[in-house]
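Trainee: Please read through the structure below; I'll follow up with questions.
The values are calculated or read from the model by the stated rules, or taken from the named source; none is laboratory data. Keep in mind that this is a model prediction, so the values were computed, not measured. Cβ sites come from the backbone with ideal geometry, for glycine too, and all protein chains shown count toward neighbours.
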Amino acid sequence: MKRLIISKLAVGLIAVGAALAVTPAWAETKIGIVDPARLLQESPQGKAIQESLRSEFAPRERTLQAQGQAVKAKQDKLQKDSATMTEDQRSRAEKDLRDGARDFERARGELQDDFTARRNEELSRLQRTLGEEVRTYAKAQGYDLILSAEAAIFFAPAIDVTPAILTALQARAGVPAAPAKPQAH
């Protein structure tokens, strides 16, 4: 049984070797690497999403900060005045502080959940756009394979197509191209 498997494996390897041997020399595979994280951060589309989210959630963040300061003020007042308060006043102030802190934590959690949901929604849309841009670039430039830099252990900077794709994204957004940054890999 082992001999049959080994002989089938050998025949398969010979077939693969023969197929590779008959591949024309001119048919070299053109491979590129793209850094998706860099595209997300540096593309005009990614920057626009970051600014849009910042603007969308800024009012709620300011309200939350004010609410947090109010809770802190209640806590400071309770600590300062607790010695001179009656038991009933201290009890009401402690309950008010607990209620305020609970409302603050709930509001902070809701804000974080809403922000995360919106960010994920926008990032998903942006990733589709970036993926399409990478595919368009790869087809136009005759690439056979574009890999993610996140999956690569090493690659020569010469095959990094991220700057070219960023330039294409900037052109699509009507932004003048920025000078290329040197890459350290």
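This table checks each residue for (1) within 30 Å of GLU28 (Cα to Cα); (2) surrounded by 14 or more Cβ atoms within 10 Å (Cβ to Cβ); (3) touching a Ser or Thr at 6+ places or on another chain (Cβ under 8 Å); (4) modelled with pLDDT under 90.
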| residue | (1), (2), (3), (4) |
| --- | --- |
| GLN69 | no, no, no, no |
| THR84 | no, no, no, no |
| ALA93 | no, yes, yes, no |
| ARG98 | no, no, no, no |
| ARG102 | no, no, no, no |
| SER124 | no, no, no, no |
| GLY142 | yes, no, no, no |
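Trainee: Also, I was wondering about something else. Please find, among LEU78, LEU4, LEU20, LEU9, the residue that is in a helix (DSSP H, G or I), closer than 30 Å to ALA156 by Cα and either at pLDDT below 90 or aliphatic (A, V, I, L, M) (or both).
Mentor: It is LEU20.
Trainee: Any idea which of (1) closer than 30 Å to LYS95 by Cα; (2) surrounded by 11 or more Cβ atoms within 10 Å (Cβ to Cβ); (3) at pLDDT 95 or above; (4) not hydrophobic (A, V, I, L, M, F, W, C) is the one ARG62 doesn't satisfy?
Mentor: So the condition that ARG62 fails would be (2).
Trainee: To continue, here is another question. Take GLU56 and tell me if it is within 30 Å of ALA168 (Cα to Cα), assigned to a helix (DSSP H, G or I), touching a helix residue (DSSP H, G or I) at 6+ places or on another chain (Cβ under 9 Å) and among the charged types (D, E, K, R).
Mentor: In short, yes.
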